[in-house]
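Step one of this worksheet: look at the structure below.
The values are calculated or read from the model by the stated rules, or taken from the named source; none is laboratory data. All figures in this text were calculated on a predicted structure; none of them were measured in a lab. Methodologically, a virtual Cβ is constructed for each residue, glycine included, from the backbone with ideal geometry; neighbour enumeration extends over all protein chains shown.
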Amino acid sequence: MQIIALINQKGGVGKTTCAINIGAGLNKLRKRVLLIDLDPQAHLTYSLGIPAHELNNTVYELLKGTVTLKETIIKRNSLFLVPSSLNLSGAEIEFSGVAGREFLLRSDRRISTRTKRGYKRNIFRAD
Ligand SMILES: Nc1ncnc2c1ncn2[C@@H]1O[C@H](COP(=O)(O)OP(=O)(O)O)[C@@H](O)[C@H]1O
Ligand SMILES: [Mg+2]
């Protein structure tokens with residue numbers, strides 16, 4: 001599995017555009033791609049035609065540990081997505097007291113090794 005992170009503090013620099021296009025491109029090359037939307041504005045989620053505001057299982061719940069990775073994944077054509085939602089906007093403050101919060105997504109509770117192996121390419125993106 002390979003993880004690609006598209007991160008830049010600045011808005012409007014093409015993170016979402018790159019994530020969706022690199023993801024689709026790798027997918028065309030027959031790579032299994034899991035897109036993870038870490039933007040509270042959920043543009044990546046919306047751009048795949050998914051109404052983020054209607055979802056209960058998103059990357060926010062995944063970070064909280066109330067749902068499993070499997071429960072959050074949505075399939076769109078041959079792309080897989082962990083959607084985001086506006087709830088994520090308060091996460092930085094909410095998790096500020098959690099030790100090791102930088103590694104929440106990596107912890108086995110959130111993403112098991114078995115699930116990781118299922119993906120040849122993962123794209124993590126964040127704002
Ligand atoms: N390579 C590019 N050339 C021209 N416009 C681009 C390019 N990449 C992105 N854009 C446009 O720039 C704007 C911001 O891109 P976006 O991916 O939403 O940025 P971010 O996710 O960093 O906020 C969008 O309107 C997008 O269509
Ligand atoms: Mg964006």
Restricting attention to segment 20-60, which residues are surrounded by 17 or more Cβ atoms within 10 Å (Cβ to Cβ), modelled with pLDDT of 95 or more and of a type in the set (Asp, Glu)? Asp37
Filtering segment 1-46 down to residues that are over 22 Å from Leu69 (Cβ atoms), more than 10 Å from ligand 2 (Cβ to nearest atom) and not in a loop (DSSP other than H, G, I, E, B) yields Asn21, Gly25, Lys28
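Could you pull out the residue among Leu88, Leu63 that is touching a Lys or Arg at 6+ places or on another chain (Cβ under 9 Å) and either surrounded by 17 or more Cβ atoms within 10 Å (Cβ to Cβ) or outside any loop (DSSP other than H, G, I, E, B) (or both)? Steps first, answer last, please.
Numbers: Leu88 fails: touching a Lys or Arg at 6+ places or on another chain (Cβ under 9 Å).
One residue alone meets the criteria, Leu63.
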Report every pair of residues separated by at least 6 positions or lying on different chains whose Cβ atoms are under 8 Å apart, first residue within segment 1-25 and over 16 Å from Pro83 (Cα atoms), second part of a helix (DSSP H, G or I) and within 13 Å of ligand 2 (Cβ to nearest atom). Ile7/Lys15; Asn8/Lys15
For segment 1-18: of the residues being at pLDDT below 95 and surrounded by 15 or more Cβ atoms within 10 Å (Cβ to Cβ), which is nearest to ligand 1 (Cβ to nearest atom)? Leu6
Identity of the residue in segment 61-78, modelled with pLDDT of 95 or more and among the aliphatic types (A, V, I, L, M), that ends up nearest to Leu104 (Cα to Cα): Ile73
Name the residue that is nearest to ligand 1 (Cβ to nearest atom), counting only residues in segment 47-56 that are closer than 14 Å to Leu81 by Cβ and assigned to a loop (DSSP other than H, G, I, E, B). Leu48
